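S.K.: Questions regarding the structure given below will be posed in turn.
Throughout, read-outs are computed from the coordinates displayed, never taken from laboratory work. Bear in mind that the values here come from a model prediction, so they are computed numbers and not experimental data. In this analysis, Cβ positions are derived from the backbone assuming ideal geometry, glycine residues included, and neighbour counts consider all displayed protein chains.
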Amino acid sequence: MKKLRLLLVGTAAALAFAGSAAHAQRGTDGDLKILFWQAVSTMNPYLSGGTKEVYASSMVIEPLARYDEKGALVPMLVTEIPTVENGGVAKDLLSMTWKLKPDLKWSDGTAFTADDAIFTWQYCKAPDGGCAQSAYFEGVKSVEAPDPHTVKITFAEPKPYPYSAFVGAQSPIIQKKQFEKCVGAAAPGCTSANFGPIGTGPFMVKEFKPNDVITFTANKNYRDPAKPAFASVTLKGGGDAASAARAVLETGEYDYGWNMQVEPEVLATMLKAGKGTLETAFGTQVERINLNHFNPDPKLGDKRATKEGGPHPALSDPAVRRALTLAIDRDVIVETGYGAAGRPTCNIVPAPANVASTKNDSWCLKQDIAGANKLLDDAGWKKGSDGIRAKNGIKLSFLYQTSTNSVRQATQELVKDMWSQIGVATELRNISASVYFGGDPASPDTFQKFYADIEMLTNNFDGTDPEKYLAGWLCDKIPTPASGWQGENEVRYCNPDYDKKVAELSKTADPAKRETLSKELNDMLTEEGALIPLVHRGSISSHSLTLEGVKMNGWDSELWNVADWSRKK
Amino acid sequence: MFTYTLRRLLFAIPTLLVISFVIFALLDLAPNDPTGDLPLTIPPEVREQIRASLGLDQPFFVRYMYWLQQFFINEPLNILEKLTGWQFGDGHRMRVLSWATRSPVVDLIVQRMPQTLWVVGLAYVFGILIAIPIGVISAYRQYSIFDQIGTFVSMVGYSVPTFFTGVLLIVIFSSYLQWFPSVYDTNLQVTDISSFVAQMKQMVLPVTVLSLYNASQITRFVRASMLDNLHQDYVRTARAKGVKEKAVLLVHVLRNSLIPVVTVIALGVPTIFSGAIITEQIFRVNGLGQLLIIAVQGADIPLVQTLTFIFAVLIVLFNLIADVLYGILDPRIRYD
């Protein structure tokens, strides 16, 4: 293992050297033009939390460590990743110590010190600030600086997986000097700081036009004197995905286009112009069908979709849930709606490879209409004269909701057709995304309230450790009126064995054991039909053929290595 | 006329107050949420904190009063301070802040106004300039080939939506012929001939799309109004007196026909400010229309509220201007 790591480090160093040899000077490659079809609203990810803001700011402000394109942690502002072996993480798992690289400078020329990290933590935990990334600092008791180049994080409870605060594009370090007066309720008032944060990254903000365009110039104080190759970056926003794809792939006006959510066949025609190419990266996003375990019947009034309303009359039968899973042909769904940006999956934790289970692939990945029909026949669900199965007067007829989005509506149609082959009727409904995902407790249409039998959405987890994500299916995470309909367990799955295993995972530090436990939890959800994982979704972006060095990343910002990008000579 | 204008202006104040309340109430009732667009990885507790930091935990009426104070007192004072350099109080006033950008709404509007005026305004001017001659000739030579073609083109221009013509022009002129850019460069500064040419080039497509649409509408009005007047007695009298045909058409008929057209044009001016939402979005022109659509999508309620209210003010104002203009142009109409 050690040898392998040495080899990898050696290769990386050699590659880095080779890379810098090709363009040994900073700012020689002119302007890099990036197109985001959703415009960036602010450059402070702590105030926004939106993906576009996190990505745009990642060129300027950096975390201590990032995930690379394979999901492995790489040090950015520190000398190494702290682990229990190298003594960086305390044996009792109650604290960790990051060693900062020496002589780091902010883009304004002042020294970067551990104080800035402490300040970032205080900035995010300040009351009334509405910090969007406060989950990254959850469980952090204190952040201290034993010396200016050391950051010590102490946790309230042992943290088996400690890489959260200051790790990844969502929790970068901001400059104390610049944001000192912007803490808490004063945060939104600091417009110039929020629009032009001073950072340690390869670029700095020159001009920010909110919801429109950002111009960056190379950071003169960037730690690698040979980088970045580009002298400036223009990040334009707005429009729609299809025209963004056209501007990169067909007209060649832009070098890089983010999030090409366009029908696969449209992209294929645009690629024929020969100006650009597509890159996909798979993180942890899974499009899934949620099956409501509680009864959403409108007649129940206030008790709708709650424990008091009772179990779902049809979906509480495991045979029905299993049959619905078996009837789905994931290959067709991927082919029509996702193309290169999707893979069929039966896991709710589809990646990274070390925690992705293969246990259920054999029965679940293949469509089996006959098997599903037999299962329902055996369970006593008989087809009526209308072709719809029923038992004890309860029909297998479901309301299936999702957000308004052409791919999702196409998927709905396909699934409806597949389910009709096993005698299950579905009524389709779509809801505007800002309502469906809006979480307004007063709205009957949010995915958490789940006033339907079946719903579809995508969710994922940040980083590479699924512990917190898997804890979302604990019994006490079920959304209820008492919790203001908040809670990650929208399917209302409740299994004491599952809860026990999650508790075990939260106490386990050994990586191999954590992997096994994570896989077991993932398998439980699929096997018991808590939900139906459909498609492992990747992010798909396009770039010009003249652009070199792009390494699509599904674990961190797509622009994570923008310092290494260069123009093909 | 003066007392009439004054009376109308005074009436506008309660009207606008009611409008602002209706907009605020509608936006509040809409099941939208500013945290709806955030990744699901952001937990519910954090979303609750974000909402509280935006002031959403306050009751509806309090939030409306805050907005009134910010919009009608704080913002005008701020503008006055900037213009005159005077200082009122300590200068720390709560301004109307956009939720998505957390920056003052008025600054966003000021930043975007020039692009909208340039692109949409120019398209409006071009539309009028094209529409009047076409309308005149179409009416004068009613049912001729020219009239038939003109009617056909204006019907097509009026009924085909801009999101179709816009994309069509991009596919032809940007993708295939590569004559004009498909993305509007909002950073372009006009400093010399070449940057001026670049600015013209990037304005061609959006202006064409909008001009076609505007011209189609106005042509119909000009034609109809010309036809009304051409058959009037005073036209026959003028001809009988031996006035030249050119003078009959351009002096007698056209001037009288333009009276209703001018009011139609004046009523259309607020639509310039509201931007051409779809066209701006297609060509990525950072105008007011695009600002509004992004705000609506992101549930940025203070921004939507302020923008729609400003549009309401403009509509009320230009209605008044149209009425006054009508009185000035047509001596038969008197309000007092």
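S.K.: Please compute the average number of Cβ atoms from other chains found within 10 Å of each residue's Cβ in peptide A:182-191.
M.R.: Mean partner shielding for this stretch: 3.
S.K.: Can you tell me the Rg and the Dmax, both Å, for the Cα atoms in the protein assembly as shown?
M.R.: My reading of the Cα-based Rg and Dmax gives 31.2, 110 Å.
S.K.: I would also like to ask the following. Would you work out which of A:A114, A:S362, A:Y436 lies farthest towards the positive end of the dipole of the protein assembly as shown, given +1 charges on the beta-carbon of Lys and Arg and -1 on that of Asp and Glu, about the Cα centre?
M.R.: Comparing the listed Cα positions along the dipole, A:Y436 ranks first.
S.K.: How long is segment A:114-158 along each principal axis, judged by its Cα atoms, biggest number first, in Å?
M.R.: Principal extents (largest minus smallest coordinate, Cα): 30, 25, 13 Å.
S.K.: With viscosity set to 1.306 mPa s at 10 °C, what whole-number translational diffusion coefficient in µm²/s follows for chain B from Stokes-Einstein and a Kirkwood radius over Cα pairs?
M.R.: Roughly 68 µm²/s, to the nearest whole number.
S.K.: Averaged across A:126-135, how many Cβ atoms of other chains sit within 10 Å of each residue's Cβ atom?
M.R.: Shielding by partners across A:126-135 averages 5.
S.K.: Place +1 on the Cβ of every Lys and Arg and -1 on the Cβ of every Asp and Glu in the protein assembly as shown, take the dipole about the Cα centre, and give the residue among B:P302, B:I328, B:I128 whose Cα lies farthest towards its positive end.
M.R.: Checked the options; the winner is B:I328.
S.K.: If I take every Cα pair under 8 Å that is 6 or more residues apart in segment A:172-213, average their sequence separation and divide by the length, what percent do I get for the relative contact order?
M.R.: Rounded, it is 33 percent for segment A:172-213.
S.K.: For segment A:176-192, in order, what is each residue's ³J(HN,Hα) by Karplus, 6.51 cos²θ - 1.76 cosθ + 1.60 with θ = phi - 60°, in whole Hz (x at glycine and Pro)?
M.R.: Per residue, the Karplus-derived 3J(HN,Hα) values read 4, 4, 6, 9, 3, 8, 10, 8, x, 5, 7, 4, x, x, 7, 4, 5 Hz.
S.K.: Note down the magnitude of the dipole of segment A:270-330 about its Cα centre, charges +1 on Lys and Arg C-beta and -1 on Asp and Glu C-beta and zero elsewhere, to the nearest 20 debye.
M.R.: It works out to roughly 120 debye.
S.K.: At each listed q (0.13, 0.15, 0.26 Å⁻¹), what is the log10 of I(q)/I(0) that the Debye formula gives for segment B:1-84 modelled as equal alpha-carbon point scatterers?
M.R.: -0.66, -0.79, -1.20
S.K.: Nearest 20 debye, what's the magnitude of the dipole of segment B:108-329 about its Cα centre given +1 on Lys and Arg Cβ and -1 on Asp and Glu Cβ?
M.R.: Using Cβ point charges on Lys, Arg, Asp and Glu, segment B:108-329 gives about 720 debye.
S.K.: While we're looking at this one, here's another question. Quick check on my link table: of A:K101/A:K152; A:K52/A:K152; A:K359/A:K382, which ones sit more than 25 Å apart, alpha carbon to alpha carbon?
M.R.: A:K52/A:K152; A:K359/A:K382
S.K.: Put a dot 7 Å past each Cα toward the Cβ at A:A509 and A:T358; how far apart are the dots in nm?
M.R.: Using points 7 Å along Cα→Cβ, the separation is 3.2 nm.
S.K.: Over chain B, what is the relative contact order in percent, taking alpha-carbon pairs closer than 8 angstrom and at least six residues apart?
M.R.: Dividing the mean separation by the residue count of chain B yields 26 percent.
S.K.: For A:K206, which sequence-distant residues (separation of 5 or more, or a different chain) have an amide H within less than 5 Å of its own amide H, given hydrogens modelled in the peptide plane?
M.R.: Here the answer is A:T215, A:F216, A:T217, since their amide H atoms fall under 5 Å of that of A:K206.
S.K.: Nearest 5 percent is fine: what portion of the DSSP beta bridges confined to the protein assembly as shown is antiparallel?
M.R.: In the protein assembly as shown, DSSP labels about 75 percent of beta bridges as antiparallel.
S.K.: Between B:W118, B:Q232, B:T191, whose Cα lies farthest towards the positive end of the dipole of segment B:108-329 when Lys and Arg beta carbons carry +1 and Asp and Glu beta carbons carry -1, centred on the Cα centre?
M.R.: About the Cα centre, the residue reaching furthest to the positive side is B:Q232.
S.K.: Right, here's the next one. Compute the long axis of helix A:2-22 from its Cα atoms, compare it with the longest principal axis of the Cα atoms of chain A, and write down the angle in degrees, 0 to 90, nearest 10.
M.R.: Helix A:2-22 and the main axis of chain A meet at about 60 degrees.
S.K.: Could you size up the charge dipole of the protein assembly as shown around its Cα centre, putting +1 on the beta carbon of Lys and Arg and -1 on that of Asp and Glu, and report it in debye to the nearest 20?
M.R.: 1740 debye
S.K.: DSSP H helices in chain B with Cα extent of 30 Å or more along the helix axis and mean Kyte-Doolittle hydropathy at least 0.5?
M.R.: B:2-29, B:193-230, B:301-329
S.K.: Another question, if that's okay. Along Cα→Cβ, 7 Å out, is where each label goes; now give me the distance between the ones at A:E413 and B:V18 in nm to one decimal.
M.R.: In this crude spin-label approximation the distance works out to 4.6 nm.
S.K.: Reachable lysines from A:K383, Cα under 22 Å, same-chain residues fewer than 8 places away excluded?
M.R.: Straight-distance partners of A:K383: A:K374, A:K391, A:K395, A:K416.
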